[in-house]
Amino acid sequence: MKSSEHGNGLFFWNNYAKRDYLTQSMKDDCQKINDDYNFFSFYGTHNGGYYSRDESLCWFHSVWRFIPENMLYETYKDLLDNTNWAQGRWAYHYFFMPDLLKKVTKLNHYTVENSVLQSLVDDDGYLTVYQGRSVNAMCGAYSWTFDKSKALDNGYLFAAIVNKCPAFYCVTGKVKLEDVITFINGHSVHEITAMPQEVINQSKEFFSTENYRR
């Protein structure tokens with residue numbers, strides 16, 4: 001599917017109900033999502049009651065444009081929460097498609113006002129963040145943590161298990177509070193998300209996969 005079609009109700013994954021596109025009645029029903037009839041209730045109603053991680057991601061990235069604005073940010077954050085190196089990895093980059101990211105950023109009133117994040121800001125107004133990597137490029141580097149040991153573990157897992165690399169590295173950088181997209185307290189992978197170009201003063205430390213001890 002072309003990125004310009006992302007969220008237009010055209011399905012791009014093998015979903016249980018074998019949907020090719022959202023009907024008008026389904027779009028109308030999606031717009032009824034609220035605290036009681038949430039996103040998971042919606043897609044369970046229309047896909048034959050089958051629930052799985054990939055299924056929920058497929059539906060979200062096909063229908064997000066029709067989710068009411070007051071429900072979109074939390075739905076986005078909840079689904080990103082459980083997407084990591086081991087599950088739902090195919091959908092990770094879809095969370096940062098320009099059209100969805102623009103909408104989510106507009107709706108985000110949570111991170112700037114968050115007391116935990118505010119307490120971590122240094123005197124210059126920046127948060128210090130870390131990310132473990134196993135490929136020598138920062139493309140797709142959206143997930144950052146405040147705990148360097150978590151970043152190292154994540155870099156090791158990507159290197160040793162996913163990409164079969166002999167080495168990995170840890171990036172240290174700084175980001176403004178207002179450039180934080182989401183915050184998931186204590187999450188080992190997505191503690192915060194931020195665009196890599198917004199993370200300044202980046203430095204790298206390299207480690208051997210074989211010699212690393214978690």
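Just so it is clear, none of the values below were taken in a lab; they were calculated from the coordinates. What you are looking at is a predicted structure, and each value in this text was computed from that prediction instead of being measured. Methodologically, a virtual Cβ is constructed for each residue, glycine included, from the backbone with ideal geometry; neighbour enumeration extends over all protein chains shown.
Values computed for the structure shown
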{"quantity": "Proximal charge balance of Asp54 [Cβ under 15 Å; K/R count +1, D/E count -1]", "calculated": "+3"}
{"quantity": "Within-14-Å neighbourhood charge of Lys103 [Cβ basis; K, R +1; D, E -1]", "calculated": "+1"}
{"quantity": "222 nm mean residue ellipticity, helices alone, for the chain (DSSP H n ≥ 4; -39,500 (n - 2.57); rounded to 500)", "calculated": "-8500 deg cm²/dmol"}
{"quantity": "Packing-based ranking, highest mean first, of 179-185, 57-63 given that Cβ atoms within 10 Å are counted", "calculated": "57-63, 179-185"}
{"quantity": "Integer Hz, Karplus 6.51/-1.76/1.60 couplings in order for the stretch 15-22, x for Gly and Pro", "calculated": "8, 4, 7, 6, 6, 9, 7, 7"}
{"quantity": "Options Tyr37, Leu177, Pro196, ranked by Cα towards positive dipole end of the chain, top entry (Cβ charges)", "calculated": "Pro196"}
{"quantity": "Efficiency of FRET from Cβ geometry, Glu210 and Val135, R₀ 22 Å, rounded to 0.05", "calculated": "0.80"}
{"quantity": "Which label in (1) 195; (2) 129; (3) 250 gives the computed volume of the Cα convex hull per residue in Å³", "calculated": "(2)"}
{"quantity": "Pairwise FRET efficiency - Val162 versus Asp78, Cβ, R0 = 25 Å, nearest 0.05", "calculated": "0.55"}
{"quantity": "Value of Rg to Rh for the stretch 86-179 (Rh from inverse mean 1/r over Cα pairs, i.e. Kirkwood)", "calculated": "1.00"}
{"quantity": "Backbone N under 19 Å from the Glu178 label point (7 Å along Cα→Cβ), restricted to the stretch 124-148", "calculated": "124-128"}
